[in-house]
Amino acid sequence: MRYQVKAIRVAYLITRDSTVAEDIVQDAFIQVFHAISRFDDSRPFEPWFMRIVVNASIKAAEKSSKQINFVDEAEAFFEELISSIESTEEQIISLEKQNQIWEAMQRLSPRQRAVIVQKYFLEMSEKEMAQESGAAIGTIKWLLNSARQKLRSILSERNEK
């Protein structure tokens, strides 16, 4: 339970499907159970586990060719996040911004969404992202920069309308 909620959120943010996200996390726990003997206990568990979740989420998102309309799910998710905001006006402004970002993220590729989630949701450094994915740090920087640029472009298009 300690890692489950965070893992499901990570998988959901990448796959955009709550059922698939739950399945991915369940499978990740089973994978961990079978591979725990290979785990280096001198290293922290969470990054290792989250790498399994992120990689499985990317694969699932890339396999999935269907487009899912999940605006209602996204609204429920963001409503929960902003429930601590005091004024109604702040809630409306915050929800609008979050919805804009959420919609923009859906136009990113699964790998681009994954690096955004790792950087801003999991708060991983680029070095950690590179180590966990087995990719070169330059590749991670490129993916992150590309994802940020695309998000900026999408959000600025939306604000110009």
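List of remarks:
- Note on residue 96 and residue 149: with the Förster distance fixed at 22 Å, the Cβ-Cβ geometry gives a FRET efficiency of about 0.45.
- Backbone N within segment 8-51 under 16 Å of label point (7 Å from residue 63 Cα along the Cβ vector): 11-12, 14-31
- Label separation (residue 39 vs residue 137): 2.8 nm, computed from points 7 Å beyond Cα along the C-beta direction.
- In this simple spin-label model, placing a label point 7 Å from the Cα along the Cα-to-Cβ direction at both residue 2 and residue 46 gives a separation of 1.0 nm.
- Full extension of the segment from residue 31 to residue 125, taken as 0.36 nm per residue of separation minus the current Cα-Cα distance, would add 31.3 nm.
None of the figures in this text is laboratory data; all of them are computed from the coordinates on show. The structure presented is a predicted model; accordingly, all values stated were derived computationally and were not measured. In this analysis, Cβ positions are derived from the backbone assuming ideal geometry, glycine residues included, and neighbour counts consider all displayed protein chains.
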